[in-house]
1. Does the stretch B:283-298 contain at least one residue that is under 19 Å from A:V190 (Cα atoms), in contact (Cβ under 8 Å) with a residue 60 or more places away in the chain and crowded, with 18+ Cβ neighbours inside 10 Å?
2. When only residues in the stretch A:236-267 that are β-branched (V, I, T), closer than 23 Å to B:R352 by Cα and more than 9 Å from every other protein chain (Cβ to nearest Cβ) count, which is surrounded by the most Cβ atoms within 10 Å (Cβ to Cβ)?
3. Considering every residue within the stretch B:223-241, establish whether at least one is more than 10 Å from chain A (Cβ to nearest Cβ), closer than 26 Å to B:D188 by Cα, small (G, A, S) and buried (at least 24 other Cβ atoms within 10 Å of the Cβ).
4. Looking only at residues in the stretch B:88-129 that are buried (at least 19 other Cβ atoms within 10 Å of the Cβ) and among the β-branched types (V, I, T), which one is nearest to the chain's Cα centre (by Cα)?
5. How many residues does the stretch B:109-127 hold that are out of contact with any Ser or Thr (no Cβ under 9 Å at 6 or more places or on another chain) and modelled with pLDDT under 90?
6. Pairs, please: C-beta under 6 Å, at least 6 apart or cross-chain, first residue over 16 Å from A:F152 (Cα atoms) and in the stretch A:84-109, second crowded, with 18+ Cβ neighbours inside 10 Å and basic (K, R)?
7. Tell me the strands (runs of 3 or more DSSP E) entirely within the stretch B:1-81 that contain at least 1 residues that are touching a Pro at 6+ places or on another chain (Cβ under 9 Å).
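The values are calculated or read from the model by the stated rules, or taken from the named source; none is laboratory data. The structure displayed is predicted, hence computed values, not measured ones. For neighbour counting, all protein chains shown are included, and Cβ atoms are generated from backbone atoms with ideal geometry for every residue, glycine included.
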Amino acid sequence: MSTPLLKVDHLVQHFRMSRSYTVRAVNGVSFEVYPGETYGLVGESGSGKTTIGRSIIRLYNPTSGNITFQGADISGKMDRDTGSMLRKDMQMIFQDPMASLNPRKKVSDIIGEGLDIHHRYASRQEREELVAAMLKKVGLSPEHAARYPHQFSGGQRQRVGIARALIMNPRLIIADECISALDVSIQAQVVNLMKDIQQETSCAYLFIAHDLSMVKYISDRIGVLHLGYMVESGTTEEIFSNPVHPYTKSLLSAIPHPNPEVEKRRKSITYDYKSSGIDYSKGQEHVVSGTHTVLATEEELAQWV
Amino acid sequence: MSETPRTILDIRNLDISFKTNAGVVHAIRGVNLDLRKGETVAIVGESGSGKSVTMKAAMGLLDSNATVNSGEILYTYTDTDGTEKTVDLLKLSKKELRGTINGQRIAMVFQDPMTSLDPTMTIGKQIMESMFLHKHMEKEAARKRALELLNLVGIPEAEKRFKNYPHQLSGGMRQRVVIAIALSADPDILICDEPTTALDVTIQARILEMIMDIQEKMKLSVIYITHDLGVVAKVADYVNVMYAGKIVEVGNVNEIFYEPAHPYTWGLLSAMPDLDTDDDRLYSIPGSPPNLLHEPPGDAFAARNQFALVIDEKAAPPMFKISETHSAATWLLHPDAPKIEKPPELEARLERARKEVERYL
């Protein structure tokens, strides 16, 4: 394989709430994202998947661990060039398109803000053209540029969010639950759009979601997170055909199948960390096969496989 | 089942429009819906299709700019003296609704458990509130009942949780509290408006299984408003597919999932990837739902429908009956309509579903 676009190495992200209480959101997570691929991060809320995304793009300062993006270290203090490279080549699409778009700005200014900051155009007209082309690319019409976010439907707003991320022509897009707030038929449109854009620009996605069927559909590789630990990772095929960790198993069993005869009879497997007797901090990464790894102690692994 | 249970909620020809600055939005355009005792009905549709508005009308929660143009919502219940009564919920005043129906007989669970709980009140108080209001219970009795409810909805250590504030609970726990509140006055009908959309899959499965359990125990009738077909498959007996203010297909859950008849249902089913989808592209319904400010003359779905016929542009299709329980509003079912093959993605999907059933049984 080629060199990774993004390398996350033992990322730790703690939030100190008070003298006696620290939220340990992420506890030593490592993974790599290669150019042009889609890496899916799944897990329930509180598992740290969003925190990881936000630490990578430096909305948080990592407590410890290294993050390398396009060969440059972006986890510590960054020089001006690195910072500018990070802001340009890594973009984020947020979950709630209503909350993530400034309600007092026109769509053209929301999408064009990145261009303004990085001085990416020579004239006003060029800026307008760039924004118009981008709107077209995401399936909106150029007339929409003069509108405000509240004048759009949810699906359209998310397209604006995607356009804003894409206009800088990024190498990595962190898509944080970017389709969970949309309707099913619109979800499919947005996912198709994201796939088309990936084919066209060969950007990589870090796809953060809890909808496993969508993650399975879009991702090449998957990491399963729980309580800030990556409990299992591997290619989509490896995870779905041979889940090893009990948490992964319970997560997979919880996916509702749109098939009533099956779904009515199926009961999901419950998994409770507290009563399971598993201590994530004691586990080490074990290779199951190929790139498939599991966080476990020796005894646990023997028990699960 | 020996006999069909009686209908307790009967929505007939409901038609609602909203006055807005931009003009009149005709949001509900003739909706019919039956709910029988002990059964679960799901209303599926995109946002803006009018599924929430329909149920809000039943609860008298419509915004002040709404006008009910026609229709009735008949609710049949057994009064305290044992007689059976039928009322038209649309004819009751807001005060009468609040006093006799809302919360007591028809309870609602909203989508977001964060915004539907009062952040300044302990959850115990919030659960007891409706018992004081509707049932005039003594404090001790209400407390006992509230603890029972907390146990029923699967909250561990109910005694301790009783004094917690909503922010001290996780999303799943909060939604359980909301459900406990909804159940606190022993309603006949529980309306769940996207009850699990804000929750994780693992928690979603548990909450749904819990609601099904309680439904069995309390003989509740449940209406689910959702856009998640996986949820529908799990819980529903009957499904109403709604599009642009109309119900376009209705049937029991097997008919909708294995023999869908309306192109919109086809689209919905194929747009959601299942675990075996390996197509390069997801099938997606093109375009977006129509703006009901400008009501289309014919079938509202025609513009997004690759199988649209000429007549779709001119006249809205009536409901065509396919079986006793199954009907759909599409001209494709007219005897004179050309025979149309379902899209290949859907065929593959249905085939997979059938195979999965065989494997499973």
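1. First, pick out the residues of the stretch B:283-298 that are under 19 Å from A:V190 (Cα atoms): B:283-290.
Okay, now just the ones that are also in contact (Cβ under 8 Å) with a residue 60 or more places away in the chain, so B:283, B:289.
Subsequent filtering for residues that are crowded, with 18+ Cβ neighbours inside 10 Å retains B:283, B:289.
The answer is yes; a qualifying residue exists.
2. A:I239
3. No, the stretch B:223-241 contains no residue that is more than 10 Å from chain A (Cβ to nearest Cβ), closer than 26 Å to B:D188 by Cα, small (G, A, S) and buried (at least 24 other Cβ atoms within 10 Å of the Cβ).
4. The selected residue is B:V109.
5. 4
6. Within 6 Å, the pairs are A:D89/A:R171.
7. Working: elements: B:7-20, B:23-36, B:40-44, B:66-78.
Those strands (runs of 3 or more DSSP E) span B:23-36.
Residues checked against (1) among the hydroxyl-bearing types (S, T, Y); (2) within 11 Å of chain A (Cβ to nearest Cβ):
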position: B:S270; (1), (2): yes, yes
position: B:D274; (1), (2): no, yes
position: B:D299; (1), (2): no, no
position: B:N305; (1), (2): no, no
position: B:K321; (1), (2): no, no
position: B:E341; (1), (2): no, no
position: B:E345; (1), (2): no, yes
